[in-house]
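The values are calculated or read from the model by the stated rules, or taken from the named source; none is laboratory data. Owing to the predicted nature of the structure, the values given are computational and were not obtained by experimental measurement. Positions of Cβ are generated from backbone atoms using ideal geometry, with glycine treated the same way; all protein chains shown enter the neighbour counts.
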Amino acid sequence: MWPFGSKGPSGFSWYSTAEEVTRGLDGSGLTAIVTGASSGIGVETTRVLALHGVHVVMAVRNLSLGDGVKEAILKEKPSAKVDVMELNLASMESVRKFAYEYISRKLPLNLLINNAGVMATPFMLTQDGIELQFGTNHVGHFLLTHLLLENMKDTARDSKIEGKIINVSSEGHRFAYKEGIPFDKINVQSEYGSIGAYAQSKLANILHANELTRHFKEDGVNITANSLHPGSISTNLLRYHSYFEYGARTIGKLFMKNIQQGAATTCYVALHPDVKGVSGKYFNNSNIAEPSSKAKDAELAQKLWDFSLELIQ
């Protein structure tokens, strides 16, 4: 038994699966968007939420893969409510198109799960000229959240049900650059390090949730925002580093989570009643955890907010 297998205050642990942390819970009447829902933990998050009655809108780059996931879920539960919509987080045009189409469908929105991401890529720019990892993992989700906020506020007000924004971050945020986020160097190739840039984007996910929390509290909005570490999981995120991928698929299996365990914390924060009213927290293994000091820097969070707003204008 590994030492990280002990249960935390929530009653769940490293070993807990998404099905276990949501056992007996009813998500009927809730509508969720899950980004990156056609692969990895996004698939399991979608499946488990749908099995519990949540209407899940899968936001995916590859519609055919998304349709395949939807078909598998409907085969398991024919009454499940699952839709597939196209979203490329590396393109602001795509994000705006997705948000416009979603709003035009007059769909409510209770849960926004910002799950998709890329990891440790070679230096590349998004269609909007932003470093790919920062642009996809943070800016794309920041814009999506920004565009859907009024819909979420309306849903929370009309339904009297607390809305939730969940940013899937990573323990990797601890390896961000010394400054945390060097705003003036994000797109400078000579300053680029694939791991540091990934960590920077994951730090941004936490700071984003924290700053959202501050805004919601000031405005008296019935929405919470939290971030989480899903666990170290062998997924296609490792595809740009063959040696990491090989290690993950061999000896790494001894200490890495499977997909069912990797989706647990997301599903716990999304549905468990113990998380009601909790906001601005960082979760790991379905328990509240302590992030890095940079992740708790309120001044850095506000600076990131202002910087991100300028980027999406």
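Exactly one residue among Phe123, Phe98, Phe183, Phe142 is within 27 Å of Asn284 (Cα to Cα) and either of a type outside the set (Lys, Arg) or within 21 Å of the chain's Cα centre (by Cα) (or both), and that residue is Phe142.
Here Ala59 meets each of (1) in contact with a Gly (Cβ under 9 Å, 6 or more places away or on another chain); (2) over 18 Å from Thr136 (Cβ atoms); (3) buried (at least 23 other Cβ atoms within 10 Å of the Cβ) with one exception, condition (2).
I'd like to verify a number: residues in segment 27-42 that are surrounded by fewer than 23 Cβ atoms within 10 Å (Cβ to Cβ) and closer than 20 Å to Ile233 by Cβ, how many?
Within segment 27-42, the subset surrounded by fewer than 23 Cβ atoms within 10 Å (Cβ to Cβ) is 27-29, 31, 39-40.
From what's left, closer than 20 Å to Ile233 by Cβ: 39-40.
Here the count works out to 2.
Taking the criterion of being in a helix (DSSP H, G or I) and under 12 Å from Ala80 (Cα atoms), the residues of segment 1-59 that qualify are Thr46, Arg47, Val48, Leu49, Ala50, Leu51.
Taking the stated definitions as given, is Glu101 of a type in the set (Asp, Glu), closer than 30 Å to Ala176 by Cα and at pLDDT 95 or above? Let's see the steps before the verdict.
Numbers: of a type in the set (Asp, Glu): yes; closer than 30 Å to Ala176 by Cα: no; at pLDDT 95 or above: yes.
No: the conditions fail for Glu101.
Of the set (1) over 14 Å from Lys81 (Cα atoms); (2) in contact with a helix residue (DSSP H, G or I) (Cβ under 8 Å, 6 or more places away or on another chain), all apply to Asn62 but (2).
When you look at Thr235, is it at pLDDT below 65 and of a type in the set (Val, Ile, Thr), yes or no? Write out each step before concluding.
Working: at pLDDT below 65: yes; of a type in the set (Val, Ile, Thr): yes.
So Thr235 fits the description; yes.
Asp67 meets the conditions (1) farther than 24 Å from Gly231 by Cα; (2) assigned to a strand (DSSP E or B) in every case but one. The failed one is (2).
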